[in-house]
Amino acid sequence: MIPTLAGPPVIEFDGVGLTYPGPPPVPALHPARLRVSRGEFVTVVGPSGSGKSTFLNVTGLLDRPTEGVYRLDGIDTAALGEADRTALRGRRIGFVFQSFHLLPQRTAVENVMLAQVYTGVPRRRRRALAVEALERVGLARRMEAAASRMSGGERQRVAIARALVGEPSLLLCDEPTGNLDSGTAERVLGLLEDLHASGMTLVVVTHDPGVAARGARSVVIRDGRLTEGLTGA
Ligand code: ADP
Ligand code: MG
């Protein structure tokens, strides 16, 4: 095994689990231990209904676990009130979803600028940061195109730029290539690999073993149980 230089932990799960209250109660995430260090590219792979979105929503501070201790960047998230959780999420986490979640009538640059609309960053600065993020994802020449006029691959790159613009410590992606044809998916995966190479910490959940194999480390989720899988490729 090649030793890896692990950075400080970004994600620390100690017995973290989530049972939806129901009725009937659904144990969607069984108590798990998980460490993801700075700069890692981890994929979480499992079939539909296995708990991937639940895992991502807990990790992304959208849902509170019903048990265990979750530390993000060393911060015990259970101790935080709603406002502090929201602020922590905004500063540290970028989300990328299967269905892009862009405003169709707005341009690429406007969509990316919206990510920081409530941060108090002045508009001109937001625009400059959005332009920079779009350049980073290879969309320098498509900034003024409306999202509705972009291809699926371009839309996903806009969504990735929007996720990156606040310089998060963690990028969380839920089936990021689920709506893309295979050639386009390949380019988006290449972009995620480039981000990893530049030091970004990435967690990608997917049902697709081909996508899962792109991670430097793969975790399997089945019936809400996380298990470390084999290292990709
Ligand atoms: P995946 O993303 O892998 O398809 P999910 O995390 O969406 O899986 O769902 C995991 C399990 O939890 C499934 O059995 C699903 O039906 C259930 N589930 C998801 N959300 C809720 C909810 N809000 N209330 C009750 N059960 C839920
Ligand atoms: Mg899901």
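The values are calculated or read from the model by the stated rules, or taken from the named source; none is laboratory data. Note that this is a predicted model, so its numbers are computed, not measured. Neighbour counts run over all protein chains shown; Cβ positions are idealised from the backbone, glycine included.
Can you tell me which residue within the range 214-233, out of those that are surrounded by fewer than 16 Cβ atoms within 10 Å (Cβ to Cβ) and among the aliphatic types (A, V, I, L, M), is modelled with the lowest pLDDT?
In this case the residue turns out to be 233.
With within 16 Å of ligand 2 (Cβ to nearest atom) and under 30 Å from residue 120 (Cα atoms) as the only criterion, which of 62, 29 stands out?
62
Consider only pairs whose beta carbons are under 8 Å apart and that are at least six residues apart or on different chains; among these, list those whose first residue lies in the range 42-53 and is closer than 16 Å to residue 17 by Cβ and whose second residue is of a type in the set (Ser, Thr, Tyr) and buried (at least 19 other Cβ atoms within 10 Å of the Cβ).
44/206; 44/218; 52/206
For the range 156-175, enumerate the residues that are under 20 Å from residue 142 (Cα atoms) and not small (Gly, Ala, Ser).
Passing the criteria: 156, 157, 158, 160, 162, 164, 165.
Residues being closer than 30 Å to residue 6 by Cβ, in contact with a helix residue (DSSP H, G or I) (Cβ under 7 Å, 6 or more places away or on another chain) and surrounded by fewer than 21 Cβ atoms within 10 Å (Cβ to Cβ): count how many of those fall in the range 142-169.
Counting residues in the range 142-169 that are closer than 30 Å to residue 6 by Cβ, in contact with a helix residue (DSSP H, G or I) (Cβ under 7 Å, 6 or more places away or on another chain) and surrounded by fewer than 21 Cβ atoms within 10 Å (Cβ to Cβ) gives 3.
Among the helices (runs of 4 or more DSSP H) lying completely within the range 112-212, list those that include at least 2 residues that are within 16 Å of ligand 1 (Cβ to nearest atom).
209-212
Out of the residues in the range 99-124 that are more than 22 Å from residue 181 (Cα to Cα) and either touching a His at 6+ places or on another chain (Cβ under 6 Å) or small (Gly, Ala, Ser) (or both), which is surrounded by the most Cβ atoms within 10 Å (Cβ to Cβ)?
The residue in question is 115.
Against the condition among the hydrophobic types (A, V, I, L, M, F, W, C) and within 30 Å of residue 104 (Cα to Cα), how does residue 197 come out, does it pass?
no
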